[in-house]
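Notes follow the structure.
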Amino acid sequence: MLNKCSYLSKVSSAAGSDGSSPWFKIKEIGPTFPGGSWDMSQTYSVSIPSCIPAGEYLLRIEQLAIHNPGGVPQFYISCAQVKVTGGGSKSFSGVSIPGHIKSTDPGYTANIYNNFNSYTVPGPSVSKC
């Protein structure tokens, strides 16, 4: 049981960045209800928002596994360097990673084995153009 999220961080140089600049969420996938069914696709794609300015970005794809019986979620991440050309002019406020998810967030502490009737993907909301 994995929720999936994608984040972008605008940087002056993707190759020289340490990831400490603010991140904004561009996609999230959680379970659908009723039933709490999960997207178990073997592939994952995300569109870069057309409203963001041209430049270099770090892209983070994050999966949070919440199916451990002990209740401690596991993070699985992948990152890439992206260069956006063209683009728009909208800027987004961001969050720090780590720190974007708290251990008290309902989506972090969810028990999928008992009364699993709703779910909120943890972290900030998805940024919209």
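The values are calculated or read from the model by the stated rules, or taken from the named source; none is laboratory data. Every value quoted in this text rests on a predicted model; they were computed, and no experiment measured them. So basically every Cβ, Gly included, is an ideal-geometry build from the backbone, and we count neighbours across all protein chains shown.
Just a few scattered comments:
Rundown of residues vs (1) out of contact with any Lys or Arg (no Cβ under 7 Å at 6 or more places or on another chain); (2) of a type in the set (S, T, N, Q); (3) farther than 23 Å from residue 46 by Cα, yes/no style:
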| site | (1), (2), (3) |
| --- | --- |
| 63 | no, yes, no |
| 67 | yes, no, yes |
| 75 | yes, no, no |
| 80 | yes, no, no |
| 84 | yes, no, no |
| 102 | yes, no, yes |
| 118 | yes, yes, yes |
| 124 | no, no, no |
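- Members of region 85-100 that are outside any loop (DSSP other than H, G, I, E, B) and farther than 17 Å from residue 27 by Cα: 85, 86, 87
- Failed item, numbered, when residue 10 is tested on (1) assigned to a strand (DSSP E or B); (2) modelled with pLDDT of 90 or more; (3) closer than 18 Å to residue 101 by Cβ: (3)
- Screening the candidates 81, 63 for the property of being touching a strand residue (DSSP E or B) at 6+ places or on another chain (Cβ under 7 Å), among the polar types (S, T, N, Q) and surrounded by 15 or more Cβ atoms within 10 Å (Cβ to Cβ) yields one hit, 63.
- Selection within region 16-42 - in a strand (DSSP E or B) and surrounded by fewer than 16 Cβ atoms within 10 Å (Cβ to Cβ): 32, 37
- Failed item in (1) part of a helix (DSSP H, G or I); (2) farther than 17 Å from residue 3 by Cα; (3) of a type in the set (Ser, Thr, Tyr), with residue 108 passing the rest: (2)
- Selection of region 47-60 for residues being in contact (Cβ under 8 Å) with a residue 60 or more places away in the chain, over 14 Å from residue 23 (Cβ atoms) and either surrounded by 15 or more Cβ atoms within 10 Å (Cβ to Cβ) or in contact with a Lys or Arg (Cβ under 8 Å, 6 or more places away or on another chain) (or both) yields only 51.
- Apart from one condition, residue 72 fits all of (1) in contact (Cβ under 8 Å) with a residue 12 or more places away in the chain; (2) surrounded by fewer than 18 Cβ atoms within 10 Å (Cβ to Cβ); (3) among the hydrophobic types (A, V, I, L, M, F, W, C); the exception is (1).
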